[in-house]
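The block underneath contains the structure these notes are about, expressed in structure tokens.
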Protein chains: 2
Amino acid sequence: MTAQKILLVILDGIADRPCDALDGRTPLQAAATPVLDRLASEGICGIMDTIAPGIRPGSDTAHLSLLGYPPERYYTGRGPLEAEGCGIRMEPGMIGFRANFATIDENGAISDRRAGRIPSTTPLCEAIRDGVDLRTFGVEIFFEPGAGHRAALALRGDGLGANVTSNDPKHEGFPPLQIRPMTEAGSDQHTADVANEFLRQSQEILLDHPLNRERKLSGLAPANAVLIRGAGLMGRFEPFSEKWKMTGSVISAAALISGIGSAVGLEHIDIPGITGSADSDLGAKISRAESELERKDFVLMNIKGADEFGHDGMAEGKRDFIEVIDGALTPLLARTDIMIAICSDHTTPCSVKDHSGDPVPLLIRGPDVRVDSVTAFDEISVASGGLLRVRGGDLMPILVDLINRSQKYGA
Amino acid sequence: MTAQKILLVILDGIADRPCDALDGRTPLQAAATPVLDRLASEGICGIMDTIAPGIRPGSDTAHLSLLGYPPERYYTGRGPLEAEGCGIRMEPGMIGFRANFATIDENGAISDRRAGRIPSTTPLCEAIRDGVDLRTFGVEIFFEPGAGHRAALALRGDGLGANVTSNDPKHEGFPPLQIRPMTEAGSDQHTADVANEFLRQSQEILLDHPLNRERKLSGLAPANAVLIRGAGLMGRFEPFSEKWKMTGSVISAAALISGIGSAVGLEHIDIPGITGSADSDLGAKISRAESELERKDFVLMNIKGADEFGHDGMAEGKRDFIEVIDGALTPLLARTDIMIAICSDHTTPCSVKDHSGDPVPLLIRGPDVRVDSVTAFDEISVASGGLLRVRGGDLMPILVDLINRSQKYGA
């Protein structure tokens, strides 16, 4: 039997370095992971540099690389990908920003950079979208809510540059900054002018918005200012369906990841109850991935919680959540008909509290793979596996070939 | 704990192929190396192609690659690097040559290509530097002694090309050759003219130099001619401190290696008693490396003797000298606070008596590394280590990341 479908499971930031709190083991070594270990036993394993050895990847550059889009060619900053993930259909040439709502006091200083962690900003985003008018600049705006206090801004118009600063002063007690061009180019000045006017009009709209009046009456911080950052120019992505001759979906609670999927042409599947944190409904994710594979050739599923424990330096919490993930993956044991790849996008060592450039574990399990002798899925065990050491950019060619859909090069 | 400093120990030419004289073992396998083996047990190992698989590196191209300077971009011949190593401050555009003193007889034929292995040529180099006048060519000369009969020549001026031949006939009994341009370019003709005039004037100066009169009276071969070779144009090196955001030093008895270090901006540390051969004071090297790391982020230390045994085809001598090196490395066992990388720059098989393109062993030992199960430092054992197979150009990114000083690519 040959597999027809590929499920790529990215366990975000699950890889680690030896942790003192775990007696020198990594969380993956310390966790009881019978499901991952059985998949490793039935498959072929290795280590993978998602970009290149020693290169410390962002989640964005790593996912681009794993999908076969070399970041040095395709990565233009986080803003446009995040905007795409918030549901803005980014076209090449549009400028995207990450945005979030904040609270400013009567003196104009920021008193809360997350607007009291407001749970949803949908009505505020609608008011801004409807109210802000940038036609005198020849620019159309797009503004969509993300999770919690987060949102995304996009600008469409001629002659817009992406090299502009943020208005986020990074510290509370200071007023928002003016957006400034970072080069002498007229296009960057133009974007700065447009963005400053957008921020001015937004603030007027937010000042008297009913939701903010309500929040103030309830003693909550109003979401009366917008901070924007991470400006980037949307590039042109070769569609996934043309590049790999496969249809596909992306399942992720993180706007950045669903944005990357969406930018390359994967269908973003929205699932209620998934959060990108340890409280996410992983079972819903797995079962939706399985049902997506009924109608698609490829599913990218990102499971994010372990990364957060790494960023917080919580080795024991990371170990425990890995056991939760392992349990959630149980249905995959029975799916011997599909090609399953499981890896991390980067290492997030608890000792570093950020990403590192260490390679990540990779396992591929499905029909026809050359099963090796690895019986445990952790950073050290997989290094003696049959895949040896590969790069992120190798993954899609390997998977596409294992389901016999690769193009022959030569005769 | 995170390491703050990196010590890169390059055991020049220590890697080998199986040797008949050692019952099919390599010198590293045959030698008793308790220190290297313990470092391997406590670290992560692998094999490394210093340039690329099967590419037979010079010491110069290998060291450039290991420091993160791809030789295909940065290597412009041995001359300018050797000149830098002899203390000439090479600027981009200058032409460097390797030089050595020789003896010519009354008929002008070379009777000794190494001038009776004259131990020092400092007064002769001074006389040449002061006496040779190339101002009619618009060219300034630099001429510095190296070890023994060796020296280096550099030329500074407009329109100098580097594609010129050597004047060394390679065999005794023949007169020195004329330097010739290797292309039709006027710049190469210009360099050839300048070099020939330099050689003519040098020979006049050497003929009656007091040191040579003295040597003749003592029955020693006079150093009355200069042979030059390896012409190359000095390139522009991105400073090490900018490239890796680290300060650094180089410790090496070989002018070529210290020249490479110096060219990229490492401080060359001169240590009395180190010779680049088996009689070198290795203890002085190690303790100086440790003290350099008090004030610098990075030290490159090259230990050369094993390479000479390889070039001479002496497997047993190589094995025995490896044991001497191993003993000298003992102080490193206690340095669990720094990131230590130990490798070779190339393989120098006793059976080949020259470099080969086989990969070299690599071990990295320090805080936070993913310790593997390798317990012996030799070409075959390390191949099952957790680093698997990397390239020379990967080494610095890996090390910089392991001390958490790498830049994140993406977000």
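The values are calculated or read from the model by the stated rules, or taken from the named source; none is laboratory data. Note that the coordinates shown come from a computational prediction; the quantities given were computed from them, not determined experimentally. Here the Cβ positions follow ideal geometry from the backbone for every residue, glycine too, while neighbour counts run over all protein chains shown. In case anyone asks, the SASA skips ligands and DNA or RNA and just uses the protein heavy atoms, side chains included. Shrake-Rupley method; radii C 1.70, N 1.55, O 1.52, S 1.80 Å.
Details
- Answer residue from the stretch A:67-95, given it is out of contact with any Ser or Thr (no Cβ under 9 Å at 6 or more places or on another chain), not in a helix (DSSP H, G or I) and not hydrophobic (A, V, I, L, M, F, W, C) and is farthest from residue A:257 (Cα to Cα) among those: A:93
- Residue in the stretch B:123-136 that is surrounded by fewer than 17 Cβ atoms within 10 Å (Cβ to Cβ), modelled with pLDDT of 95 or more, farther than 18 Å from residue B:195 by Cα and not assigned by TED's automatic domain parsing to the domain that holds residue B:274 present: yes
- Look at the stretch A:170-187: where a residue is within 25 Å of residue A:104 (Cβ to Cβ) and in contact (Cβ under 8 Å) with a residue 12 or more places away in the chain and a partner is in a loop (DSSP other than H, G, I, E, B) and open to solvent by 100 Å² or more (accessible area, probe 1.4 Å), sitting 6+ places away or on another chain with Cβ atoms under 8 Å, you get A:175/A:107.
- Counting only residues that are of a type in the set (Ser, Thr, Tyr), part of a loop (DSSP other than H, G, I, E, B) and out of contact with any Pro (no Cβ under 9 Å at 6 or more places or on another chain), the stretch A:1-60 holds 1 of them.
- Contact map, the stretch B:329-340: residues that are without any contact (Cβ under 8 Å) to a residue 40 or more places away in the chain paired with residues that are of a type in the set (Ser, Thr, Tyr) and loosely packed, with under 13 Cβ neighbours inside 10 Å, Cβ distance under 8 Å, separation 6+ or inter-chain. No pairs are found.
- In the set A:390, A:369, A:400, A:352, only one residue is open to solvent by 10 Å² or more (accessible area, probe 1.4 Å), more than 21 Å from residue A:36 (Cα to Cα), of a type outside the set (Gly, Ala, Ser) and touching a residue at least 24 places away in the same chain (Cβ under 8 Å); that residue is A:352.
- If you go through the stretch B:184-207 and keep only what is more than 26 Å from residue B:127 (Cα to Cα) and either among the hydrophobic types (A, V, I, L, M, F, W, C) or touching a helix residue (DSSP H, G or I) at 6+ places or on another chain (Cβ under 9 Å) (or both), you end up with just B:185.
- Of residues in the stretch B:166-198 being touching a Pro at 6+ places or on another chain (Cβ under 8 Å) and polar (S, T, N, Q), the one surrounded by the most Cβ atoms within 10 Å (Cβ to Cβ): B:191
- Considering the stretch B:279-303, and only residues there that are closer than 21 Å to residue B:62 by Cβ and either in the same structural domain as residue B:150 (by TED's automatic domain parsing) or small (Gly, Ala, Ser) (or both), the residue that is least open to solvent (accessible area, probe 1.4 Å) turns out to be B:289.
- Those residues of the stretch A:339-356 which are within 22 Å of the chain's Cα centre (by Cα) and more than 14 Å from every other protein chain (Cβ to nearest Cβ), in sequence order: A:340, A:341, A:342, A:343
- Matching residues, the stretch A:207-223, being more than 31 Å from the chain's Cα centre (by Cα) and part of a helix (DSSP H, G or I): A:207, A:210, A:213, A:214, A:216, A:217
- Selection status of residue B:363, open to solvent by less than 10 Å² (accessible area, probe 1.4 Å) and in contact with a strand residue (DSSP E or B) (Cβ under 9 Å, 6 or more places away or on another chain): yes
- Every residue from the stretch A:357-392 that is among the small types (Gly, Ala, Ser) and away from every other protein chain (no Cβ under 14 Å): A:366
- Set side by side, the residues A:33, A:26, A:2 differ, and just one is away from chain B (no Cβ under 14 Å), among the hydroxyl-bearing types (Ser, Thr, Tyr) and open to solvent by less than 10 Å² (accessible area, probe 1.4 Å), which is A:33.
- Of the residues making up the stretch A:353-410, those that are more than 23 Å from residue A:243 (Cα to Cα) and among the small types (Gly, Ala, Ser) are A:356, A:357, A:373, A:376, A:381, A:383, A:384, A:385, A:386.
- Qualifying residue in the stretch A:259-270 (condition: over 16 Å from the mean Cα position of the chain (by Cα) and buried (at least 24 other Cβ atoms within 10 Å of the Cβ)): no
- Among residues of the stretch A:68-80, those that are at the interface with chain B (Cβ under 9 Å from one of its Cβ atoms) and hydroxyl-bearing (Ser, Thr, Tyr), counted: 1
- Checklist (1) open to solvent by 50 Å² or more (accessible area, probe 1.4 Å); (2) within 14 Å of chain A (Cβ to nearest Cβ) applied to residue B:331, failing item: (2)
- Subset of the stretch A:42-67 that is away from chain B (no Cβ under 13 Å) and touching an Asp or Glu at 6+ places or on another chain (Cβ under 9 Å) - its residue that is least open to solvent (accessible area, probe 1.4 Å): A:43
- For the stretch A:191-206, a tally of residues being under 29 Å from the mean Cα position of the chain (by Cα) and of a type in the set (Val, Ile, Thr) returns 2.
- Under the condition of being touching a helix residue (DSSP H, G or I) at 6+ places or on another chain (Cβ under 6 Å) and facing chain A (nearest Cβ under 7 Å), the residues counted in the stretch B:393-411 number 4.
- Of the residues examined, residue B:277 is not one that is part of a helix (DSSP H, G or I) and hydroxyl-bearing (Ser, Thr, Tyr).
Let's see how each residue does on (1) assigned to a helix (DSSP H, G or I); (2) modelled with pLDDT of 95 or more; (3) out of contact with any Ser or Thr (no Cβ under 9 Å at 6 or more places or on another chain):
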| residue | (1), (2), (3) |
| --- | --- |
| B:116 | yes, no, no |
| B:120 | no, no, yes |
| B:143 | no, yes, no |
| B:155 | no, yes, no |
| B:161 | no, yes, no |
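- Condition check for residue A:336 on (1) among the β-branched types (Val, Ile, Thr); (2) within 14 Å of another protein chain (Cβ to nearest Cβ); (3) open to solvent by 60 Å² or more (accessible area, probe 1.4 Å): one failure, at (2).
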